[in-house]
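Structure first, commentary second.
No lab work stands behind these numbers, since they all come straight from the coordinates. Fair warning: this is a prediction, and the values are worked out from it, not measured in the lab. Cβ placement follows ideal geometry from the backbone for every residue including glycine, while neighbour counts extend to all protein chains displayed.
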Amino acid sequence: MILLGLALSIVFLCLQATIPFCTKIPVLSFAPFLALVGLLCPLPKALRWSCFAGVLIDLLSYDPFGIHALNYTLTSLCCFRWRRRFSAEIPLQFGLYTAFFSALSTIFQIALLFLFDRRIVFQGTWWLTDWPLLPVCDALYALIWFAGPLAIYRHLRRMWGIYWLKKNQSRLSES
């Protein structure tokens, strides 16, 4: 399920970088994937996946190298504490956890860019536009792009298991 989430994030990142319509969508392409990793993996593995996703974003951005990796790792570390209150199985809870991850990531990103990249000018309007709007867009992105395919994957996996159980049971009964 983690690799499916990574594939969905990379596909959306490619769409966001190439298709003109998708370039205007303000979402963090790896936010739902990192929320999924935070909900399903132990802390060391979640931090490794966060660092990996941050390095992928750093390779494609003009920001100083390592800012996104540090941002995603710190955000995953802070969000990991609240993982027991959310579930990856329930789409609404998954969307809320993604919004929480995105809000915290936006705050860390602004702080890290302010510390390490002085060429970006921060105006006070981002508190009104980016900070409340970006988590809502990320939650909708998680519900539309992630929750559906992950639910279908879980259903097919369960049906496949039932199929093989019935097939093995019929073989045992014939013997």
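Neighbours of I67 by Cβ distance under 11 Å: Lys/Arg scored +1, Asp/Glu scored -1, total -3.
If you build the Cα gyration tensor of the chain and take the root of 5 times each eigenvalue, what three semi-axes come out, in whole angstrom, biggest first? Don't jump to the answer; show the numbers that get you there.
Working: eigenvalues 256, 53, 46 Å².
The equivalent ellipsoid of the chain has semi-axes of 36, 16, 15 Å.
Count Lys and Arg as plus one, Asp and Glu as minus one, and take only other residues whose Cβ is under 13 Å from that of P26; the net charge is then -1.
Students often check this: by mean Cβ neighbours within 10 Å, which of 48-54, 67-73 ranks highest, and how do the rest follow?
67-73, 48-54
In terms of its alpha-carbon gyration tensor, region 1-69 comes out oblate; a/c meets the 1.5 threshold, while b/c is at least as large as a/b.
Put simply, when 131-140, 2-11 are sorted by average Cβ atoms within 10 angstrom per residue, most first, you get 131-140, 2-11.
Reducing region 1-75 and region 126-150 to their Cα centroids gives an inter-centroid distance of 14 Å. For the chain, the mean residue ellipticity at 222 nm estimated from helices alone is -24000 deg cm²/dmol, where every DSSP H run of n ≥ 4 contributes -39500 (n - 2.57) and the total is divided by all residues, rounded to the nearest 500. A Förster distance of 22 Å, applied to the separation of the beta-carbon atoms of I90 and L140, puts the FRET efficiency at 0.85.
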